[in-house]
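The values are calculated or read from the model by the stated rules, or taken from the named source; none is laboratory data. Computed from a predicted model, the values in this text were never measured in an experiment. Glycine also receives a Cβ, built like all others from the backbone with ideal geometry; neighbour counts cover every protein chain displayed.
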Amino acid sequence: MKITKLETIRVKEFPNVIWVQVHTDGGIVGLGETWYAASTVQSAVHDHFGPLLIGRDAQDIEGLWQTMFRWSDHAGYGGAEVRALSAIDMALWDIKGQSLKMPIYELLGGTVRNKINVYNTCGVYGEIQDGYDVWRDPVRVAKSLLDEGITGLKISATDFIARESDGTFLFPEDLDFALGPVRRIRDALGLEMDIANDGHAKWNLSNAIRIVHAFEPYKLMWHEELVSALSEEAHQRLQAETRTPIAAAERLMSRYQFRRFIEIGAARIAMMDIAWTGGISEAKKIATLASVHQLPVTPHDCIGPVNMFAAAAICMSQVNTMVMEYNRAMHRGWYGRFVSPNIKVENGYMHAPELPGIGTKLRPEVRDRPDATVQISDEAADNWLFSKKRYTYPPEDIQREFEESRGKVNAGRKARGPFEG
């Protein structure tokens with residue numbers, strides 16, 4: 001089943017979200033998604049990967065992943081290239097699942113569960129104002145979640161107090177203010193509600209240590225990225241200062257960046273974002289790596305609806321998945337306007353998608369919106385820059401001389417390249 005074109009769709013209403021659709025000559029269309037700097041990702045899809053993928057077999061997921069990754073690792077396997085790769089990988093798994101008439105989690109080894117508990121990231125959209133209300137009346141927000149069967153929430157308790165000094169200075173009174181919502185929930189509800197703190201990498205190590213010490217009595221579910229992911233040693237030192245697990249996290253791209261965090265104990269929870277870290281293919285590898293070290297994984301999601309479906313594939317198939325991030329403001333506020341069906345979250349659980357592939361499709365009317373930008377790549381490049389021969393073969397006369405020198409003139413004995421068709 002050959003790839004015939006790559007299509008990106010963006011809308012001005014959500015300028016950081018980009019959907020990628022991979023079309024095939026069999027009529028199957030795969031859907032992927034990523035977030036942040038969408039115009040840069042769009043360029044990566046069409047200028048960087050389009051010429052590599054057009055005409056290739058869409059079902060060779062691992063081979064295509066390696067081809068894309070090796071083409072992208074000049075800048076340290078991060079940035080727009082890996083976000084684009086992540087969305088394309090989702091779409092390729094979607095194609096594979098649709099062609100076999102199976103959900104992706106069945107292709108990853110089958111289910112270890114058919115639903116997983118969620119925690120609510122306190123977001124803001126439309127009538128749901130959790131991100132504001134958790135400061136105004138945290139107990140009411142917590143009770144409203146418990147009424148829905150959701151027993152965990154995440155708050156960015158220390159974010160805005162970092163702004164004045166860019167995380168380099170922490171006033172005692174500011175830290176006490178940040179403790180307010182957590183303190184009030186604990187006083188009213190005890191340990192009935194799990195609470196996580198997301199630091200968004202805003203603090204230096206000294207202040208992060210003060211923060212984890214101050215929050216210690218409140219028995220948090222985890223601290224997430226209080227310090228930058230650029231230093232696994234800083235995370236390791238931070239983890240040594242607290243009984244609360246450190247989660248690391250969405251800024252880590254690929255198994256290669258996760259490896260050191262996991263191996264040296266810099267995090268007790270591996271939190272990968274499937275739309276950023278390398279797609280479904282890489283998320284499964286990260287989950288396996290974490291399981292070797294007896295660590296849980298919890299997929300990150302505060303992006304868009306398709307990433308939730310991709311995360312469901314991991315959650316349902318990987319035994320060490322702990323919990324799934326959920327944003328009820330976005331799920332109820334806009335996801336259903338862009339995909340059909342929407343992900344099913346009921347009574348505190350995200351349920352396994354039932355349809356083949358990733359389990360959802362972009363609504364047709366999204367492409368026709370007046371604020372939509374659609375771009376298509378449908379031609380393979382045949383120039384030397386994109387040719388596989390650039391790295392795999394010298395000129396033909398030198399190739400013959402090489403084969404003769406090793407006594408391997410017989411074409412049947414010629415070694416086959418790892419990703420050659």
Pick from the stretch 291-315 the residues that are in contact with a Gly (Cβ under 9 Å, 6 or more places away or on another chain) and free of Cβ contacts under 8 Å to residues at least 60 places away in the same chain: which of them is surrounded by the fewest Cβ atoms within 10 Å (Cβ to Cβ)?
-> H293
Residues being more than 18 Å from G79 (Cα to Cα) and either at pLDDT below 95 or in a helix (DSSP H, G or I) (or both) - total across the stretch 269-301 | 9
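Just to be sure, is A240 of a type in the set (A, V, I, L, M) and buried (at least 18 other Cβ atoms within 10 Å of the Cβ)? Step through it out loud before you land on a result.
Numbers: of a type in the set (A, V, I, L, M): yes; buried (at least 18 other Cβ atoms within 10 Å of the Cβ): no.
Answer is no for this residue.
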Tell me which of these V139 doesn't satisfy, since it passes every other one: (1) within 21 Å of T298 (Cα to Cα); (2) more than 25 Å from the chain's Cα centre (by Cα).
-> (1)
Looking at the stretch 33-87, which of its residues are of a type in the set (K, R) and in a helix (DSSP H, G or I)?
-> R70, R83
Would you please list the contacts, defined by Cβ atoms under 7 Å and residues six or more apart or on different chains, that run from a residue in the stretch 268-283 that is touching a residue at least 12 places away in the same chain (Cβ under 8 Å) to a residue that is surrounded by fewer than 24 Cβ atoms within 10 Å (Cβ to Cβ) and acidic (D, E)?
-> S281/E62
What's the number of the condition A178 fails, among (1) outside any helix (DSSP H, G or I); (2) among the aliphatic types (A, V, I, L, M); (3) under 26 Å from Y326 (Cα atoms)?
-> (1)
In the set A275, A266, A247, which member is small (G, A, S), within 20 Å of N320 (Cβ to Cβ) and surrounded by 24 or more Cβ atoms within 10 Å (Cβ to Cβ)?
-> A247
In the stretch 136-161, what residues are among the polar types (S, T, N, Q) and closer than 14 Å to I195 by Cβ?
-> T151, S156, T158
